[in-house]
1. Which strands (runs of 3 or more DSSP E) does the range 24-120 wholly contain that include 3 or more residues that are buried (at least 18 other Cβ atoms within 10 Å of the Cβ)?
2. Would you kindly identify the strands (runs of 3 or more DSSP E) lying entirely within the range 121-239 that contain at least 3 residues that are assigned by TED's automatic domain parsing to the domain that holds SER106 and over 21 Å from GLY108 (Cβ atoms)?
3. Mind checking whether some residue in the range 163-170 is under 15 Å from ILE235 (Cα atoms) and of a type in the set (Phe, Trp, Tyr)?
4. Kindly list, by first and then second residue, each pair from a residue in the range 84-106 that is in the same structural domain as GLY42 (by TED's automatic domain parsing) to a residue that is surrounded by fewer than 21 Cβ atoms within 10 Å (Cβ to Cβ) and of a type in the set (Lys, Arg), limited to pairs with Cβ atoms under 8 Å and residues at least 6 apart or on different chains.
5. Among what's in the range 152-165 and is of a type outside the set (D, E, K, R) and within 15 Å of SER190 (Cα to Cα), pick the residue that is surrounded by the most Cβ atoms within 10 Å (Cβ to Cβ).
6. Could you check how many residues of the range 181-197 are within 21 Å of the chain's Cα centre (by Cα) and surrounded by fewer than 13 Cβ atoms within 10 Å (Cβ to Cβ)?
Amino acid sequence: MWDQTYLLSELPSEAETEEEVEFICETLELQRGATVLDLCCGQGRHGQLLADKGMAVIGVDSSRFLLAEAKKNTTASRNRMHLIEADMRRIPLKPVCDAVINLFTSFGFFDDDDNKRALAEVAATLKPGGKLLLDYWNPHAVSQLDGTRNWWWMSESTLALAEVEYDPESGRLSDYRTVVELATGNIRESVNRIRFYFPAELKVILESINLEVCAVYGDFDYSPFLMEGRRMITIAEKR
C-alpha cells in the first residue's frame, strides 16, 4: 500500500515526533527495558526514539521499502529495534509486549471482520496489563473532508493531488492520490480506503477482545476528545 511517496508526504517535524514520543511514554507508563510493538512502523520515526530511550522495540510493517528505510535510519538504537515484515492481521509474536502503538491513522484499511482481526492480533501480543495506543483521525471530522481536493509539492519536480470521498453509510473514506513527475511526465494514481470507527463502535470491538478503554484524547497535547477536534487517540489496557 505504501511506497516512497509516503516519505514525500507532509510528515510531522522531528520536534513534533519527539513530543508525540513523550506523550506515548507518559500515557503508557513506559519504563526503560519495556517491550513495545510499533505496528505499521513505516520508516521508524517513533520506534527509533523509543529505542534510544532504552525500550526494546519491535517494528512491524507490510512495506518492505519502508522497513528498509527504517533499517537505514537506525543508529544508536540498532540493537534495541527489531524490524519484521508482516501483515497486521497476522502478527508473528507471542504475548511479550508491554505496549503496542499504532500511529498516524494506520488502522481501518480492511473490512470490519479483518479490522477486528487486526486488533485481536494486537491483543494477543500484549501481556496482561499491557496497553494499546491507537492514534486515528477524529471520525466526527472525517465527514467534513468529503469532496475536498488538495494540491501540494512533494518535491521540486513532483506534484501531488489528493481527492477525498466519504461514505457516511459505511463510515469509509476513499483517498484518491495522483502523483505527477514533471521531469518525466510520469503519472501515478492510487487509492487508499479507510474505515473510521466512532468511539462507541471502537469500544465495543476492543471490549470483545479483552481490551478496556482507559482514556481518549483529542491530540498529543493531552487535550480532551471533542467532536471538533483533530484526532482520536484511544488508550486501552488488556484485562
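The values are calculated or read from the model by the stated rules, or taken from the named source; none is laboratory data. The model shown is predicted, which means the values in this text are computed figures rather than measured ones. Cβ coordinates were reconstructed from backbone atoms using ideal geometry, including for glycine residues, and neighbour counts include every protein chain displayed.
1. On the way: elements: 35-39, 56-61, 81-85, 97-102.
Because the criterion is at least 3 residues that are buried (at least 18 other Cβ atoms within 10 Å of the Cβ), the strands (runs of 3 or more DSSP E) in the range 24-120 that meet it are 35-39, 56-61, 97-102.
2. On the way: elements: 126-137, 149-155, 158-167, 172-181, 186-195, 211-217, 231-238.
In the range 121-239, 126-137 are the strands (runs of 3 or more DSSP E) which contain 3 or more residues that are assigned by TED's automatic domain parsing to the domain that holds SER106 and over 21 Å from GLY108 (Cβ atoms).
3. No - not one qualifying residue is present in the range 163-170.
4. GLU85/ARG64; ARG89/ARG117; PRO95/LYS127; VAL96/LYS127; CYS97/LYS127; ASP98/LYS127
5. The residue in question is ALA160.
6. Of all residues in the range 181-197, those within 21 Å of the chain's Cα centre (by Cα) come to 190-197.
Going one step further and asking which of them are surrounded by fewer than 13 Cβ atoms within 10 Å (Cβ to Cβ), we end up with 191.
Qualifying residue count for the region: 1.
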